[in-house]
Amino acid sequence: MTDQTITINDQTFSFEPGETILEVARRNDIDIPTLCYLKGATPTGSCRICVVEVKNARNLLPACSTPAEPGMVVYTESPKVVESRKMTIKLLLSSGNHNCAVRSGDPDNWTAYQLRVQDYDNSGDLCPAWGDCELQNLAFRYQVCGEPFPTAPPHYSMETVNPFIVRDFSRCILCGRCVQACNEIQVNNAISFGYRGAETKIVAAGDRPLRDSDCVFCGECVQACPVGALFEKNARYDWRPWEVKKTRTTCSYCGVGCQLELHVKNNEVVKITGAEDTPPNFGSLCVKGRFGFDFINSGDRLTTPLIKEDGKFRKASWNEALNLTVKWLSEIKETHGPDSIGVLSSARVTNEENYLAQKFTRAALKTNNVDHCARL
Amino acid sequence: MTNSIADIEKAEVILVAGSNTTENHPVLSSFVKRAVKFKGAKLIVVDPRQIKLTRHANMWLRPNLGSDVAWINGLMHVIIKEDLHDQSFIENRTTGFEELKAMVDKFSPDYVESITGIPAQQLIEAARLYGSAKAGSILYCMGITQHTTGTDNVKSLANLAMLCGNLGIEGGGVNPLRGQNNVQGACDMGGLPNVYTGYQKVTDEAARAKMEKAWGVSGLPDKPGLPVTHMVPKAYDGELKAMYIIGENPLVSDPDLNHAEKSFSRLEFLVVQDIFMTETAQQADVVLPSTCFAEKNGTFVNTERRVQRVRKALEPPGSAREDWRITAEISRRMGYPMRYENAREIFEEIAGLTPSYAGITYDRIEKVGIHWPCPTPDHPGTPVLHTQQFTHGKGVFHAIDYIPPAERVDTEYPLYLTTGRLLYQFHTGTMTRRSEGLNDRAPESFVEISAGDAEKNGLIDGQTVRIASRRGEIEARVKVSDQAVDGTVFIPFHFAEAAANRLTNAALDPVANIPEFKVCAVKIEQAA
């Protein structure tokens, strides 16, 4: 039997048959940068960022789609590799409206370029993905700037006609992660590559807006997008990673129990993302979980106890409302017995709250009349 | 679920019955679709509507509403006849096979076709597909349970799974998909009239004694209380005088709403604790503002029995309080003090009283939730139930005959109505209808009807019609759709102003007390 080991950066690692160089490296905490690679989907090797040098191979090989082979000798940051990555990053930066600082280049053209982007984008701010962009991170990591002159104006105008997702084709690097997220992770089969060559575009239903396609607005593509091409409409320019505090919690809609991150700014939820790499959802969400959070900060929320008098509600203090509640419940229990009272606990509140509701019903009211809407 | 969500991708055959999975459990539906697309699993969808999931399916069986026992018995008839059943599983793990065999004997494919409308040949093919699989997973939802025969339907699916040895194995199982974030937890916590936490019966003297000791009380009531579907009629009759409702909106979600409204109006006292002024809260004498999930700490249990953390991310509006603090304060003022510093303390009490939760702590589920049962601190949890034996030893086959639904179509009410949810709305809409984006996608109620029925009744897409049953009527727009099959219409129940539940039938399953939301008879007329 052949020895199932490879050498990466002079360290030897064992591998399972079928594992790629990238998988072996990541499992051993060796960082190989990727852009088009999407965990759980078929590697395409299209962006060329993850290339590595393999001894005796003619060319650099994409780590994401090259299977580990016994005795392979791999270098992940050799001069050849770094040079190749720099060129790839430079070309990607030059391909569209990547108007972060790394796209500076020629100071004489900076303003004209920004104005052109602003015209396309309707915003004077830098890219909405600033600080949360994998391409920007790579540009810093490898110290690359874009071309000193602006590229041709974008081929396609922005799509803003649906309520959830902005598709900014000027910032799309055609990595295809969104296509994989849609077709291989969520399997909604709504988007694909369309047209050819320089005209290539991610299209839905023969190049129609998402709302007129099979898209169900799960937003898996938005979470998969490494740059600023796909963005939550309401969070666009209203969310920067350093402005929000993220809290991991459990979704409050259906029973799947997706793990999500609430992004909170000034005591308001401004964005929700799926918690990656963890069951049950492994980063996936649906339209309600990702976009249906307006209710949390809704102006319709109840903010004070209310007491009905002559058919109308009036505001009351907690003390008054609780006293009235206790007076009624005690009187009815006294007069008609404990079984004349019913309590509905809730499939929406926590275990701890359900537990106390039934404990209260049984231990304080002395009835078993407690139920919730499991049947409804 | 007997099995985990991730386990779905290990199934060879997936049978989805009465679940519009892509709309109601979208993320879970991805596991099904991936299994089909990439793992070679075969998918059988059984549903009265041609739901989106049928696009991914190898077979779509279309049963008449309320005929589930018949097609499930039919599958078992074919499986036994063709010797596809798992003889060793039946011998070692089950009892009652002979009775089952005798019962399903009459459910020949032709007889089943006469009841369900499923062509005999399709039934045979589906039986061969499920019966031949090494691991077959059954997923079901309210399309199975919300019937007067809901309990029979579920037991029949369990029969089918046991017959083929599909329990206690990876990729198998009988898997109900729970529709609300913590409906599993509410049941686990004893938010039910007959059990304490972990399904310890209130009629069991030892369980009562244990709770009395832990709670420092005596004389806990020993007879089961009223389920919600009995509370409403009792309120109507004047026997139930007061209700304390926490975070529920029965005045949209209850069946036969007109009757439910009258019942609630007869209460002497109603206190509602919620985050919004719901239709139910509007009927209350006192309304108490509570916090939503993002404003509190605690735990939810998902459909695969996984206990997961809920964490506070922001401050609640105004003087809204966490539900548990409100309940504890009412209790204190009624003379039964409850003293807890935080949700963690309550959870510790729960774990101490509930064997299936005994090994779970907040620390253990900090990153990843644990599937109950988890009896000890070093127990890893139980993703797959019944691997060695069933809870009560042997699995019991129940010989179940077919019973028709409570209401049938006739000349006056010639169409069947079934109800359900939409992808872009949730339950009674109190949360989702406050989202501009979701409302843009699903702004109003509609009646989904086949092109054939629309033509027959002279209806065109988009027009407003009146839909009436024996109990009430509503107005909604016509939506002519390929999803509908001749003779059956569908209305979502989210929209209070056109509440489908004014039409639905409150007839109950005698065991589970679940109403028959999924079948009633209606007529459709041009709106005045």
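The values are calculated or read from the model by the stated rules, or taken from the named source; none is laboratory data. Note that the structure is a prediction, hence the values are computed from the model and not measured. Quick reminder, even Gly has a Cβ in these numbers, built from the backbone with ideal geometry, and neighbours come from all protein chains shown.
Quick rundown of the values:
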{"quantity": "Candidates B:PRO380, B:PRO337, B:PRO355, B:PRO375 - the one that is loosely packed, with under 15 Cβ neighbours inside 10 Å and either away from chain A (no Cβ under 11 Å) or among the β-branched types (Val, Ile, Thr) (or both)", "calculated": "B:PRO380"}
{"quantity": "Hits in the range A:215-231 - residues which are closer than 28 Å to A:LEU91 by Cβ and not in a helix (DSSP H, G or I)", "calculated": "A:CYS225, A:PRO226, A:VAL227, A:GLY228, A:ALA229, A:LEU230, A:PHE231"}
{"quantity": "Total residues in the range B:300-331, condition within 18 Å of A:VAL256 (Cβ to Cβ) and either buried (at least 24 other Cβ atoms within 10 Å of the Cβ) or β-branched (Val, Ile, Thr) (or both)", "calculated": "10"}
{"quantity": "Residue within the range A:367-374 that is surrounded by fewer than 24 Cβ atoms within 10 Å (Cβ to Cβ) and either more than 7 Å from chain B (Cβ to nearest Cβ) or within 29 Å of B:GLU239 (Cα to Cα) (or both) present", "calculated": "yes"}
{"quantity": "Single unsatisfied condition, B:GLN388 versus (1) in a loop (DSSP other than H, G, I, E, B); (2) facing another protein chain (nearest Cβ under 9 Å)", "calculated": "(2)"}
{"quantity": "Count of residues meeting criterion [at the interface with another protein chain (Cβ under 7 Å from one of its Cβ atoms), within 26 Å of the chain's Cα centre (by Cα) and in a strand (DSSP E or B)] in the range B:274-308", "calculated": "7"}
{"quantity": "Test: residue in the range A:221-238 that is farther than 16 Å from A:VAL166 by Cβ and polar (S, T, N, Q)", "calculated": "no"}
{"quantity": "Tally, over the range A:37-51, of residues that are of a type outside the set (Ser, Thr, Tyr) and in contact with a Pro (Cβ under 8 Å, 6 or more places away or on another chain)", "calculated": "6"}
{"quantity": "Filter pass, B:LYS312 being outside any helix (DSSP H, G or I), more than 7 Å from chain A (Cβ to nearest Cβ) and basic (Lys, Arg)", "calculated": "yes"}
{"quantity": "Residue in the range A:138-149 that is under 27 Å from A:GLY194 (Cβ atoms), at pLDDT 85 or above and acidic (Asp, Glu) present", "calculated": "no"}
{"quantity": "Sole exception among (1) of a type in the set (Gly, Ala, Ser); (2) over 20 Å from B:PRO405 (Cα atoms); (3) surrounded by 18 or more Cβ atoms within 10 Å (Cβ to Cβ) for B:GLY66, by number", "calculated": "(2)"}
{"quantity": "Test: residue in the range B:147-156 that is within 14 Å of another protein chain (Cβ to nearest Cβ) and hydrophobic (A, V, I, L, M, F, W, C)", "calculated": "yes"}
{"quantity": "Segments classed as strands (runs of 3 or more DSSP E), wholly inside the range A:243-343, with at least 3 members that are more than 7 Å from chain B (Cβ to nearest Cβ)", "calculated": "A:259-265, A:268-274, A:312-315"}
{"quantity": "Residues satisfying the stated conditions in the range B:162-176, i.e. within 14 Å of chain A (Cβ to nearest Cβ) and buried (at least 24 other Cβ atoms within 10 Å of the Cβ)", "calculated": "B:ASN175"}
{"quantity": "Wholly enclosed helices (runs of 4 or more DSSP H) of the range B:106-176 bearing at least 1 residues in contact with a Pro (Cβ under 6 Å, 6 or more places away or on another chain), assigned by TED's automatic domain parsing to the domain that holds B:PHE31 and touching a residue at least 24 places away in the same chain (Cβ under 8 Å)", "calculated": "B:109-116, B:120-132"}
{"quantity": "Residue within the range B:43-53 that is over 25 Å from B:ASN302 (Cα atoms) and either in contact with a helix residue (DSSP H, G or I) (Cβ under 7 Å, 6 or more places away or on another chain) or polar (S, T, N, Q) (or both) present", "calculated": "yes"}
{"quantity": "Candidate set: the range B:41-51, residues that are part of a loop (DSSP other than H, G, I, E, B) and within 14 Å of chain A (Cβ to nearest Cβ); chosen: the one surrounded by the fewest Cβ atoms within 10 Å (Cβ to Cβ)", "calculated": "B:ILE51"}
{"quantity": "Matching option when the condition is part of a helix (DSSP H, G or I), more than 7 Å from chain A (Cβ to nearest Cβ) and at pLDDT 95 or above, among B:SER263, B:SER218", "calculated": "B:SER263"}
{"quantity": "Strands (runs of 3 or more DSSP E) lying entirely in the range B:409-494 (those with 2 or more residues that are more than 23 Å from the chain's Cα centre (by Cα), surrounded by 17 or more Cβ atoms within 10 Å (Cβ to Cβ) and without any contact (Cβ under 8 Å) to a residue 40 or more places away in the chain)", "calculated": "B:473-480"}
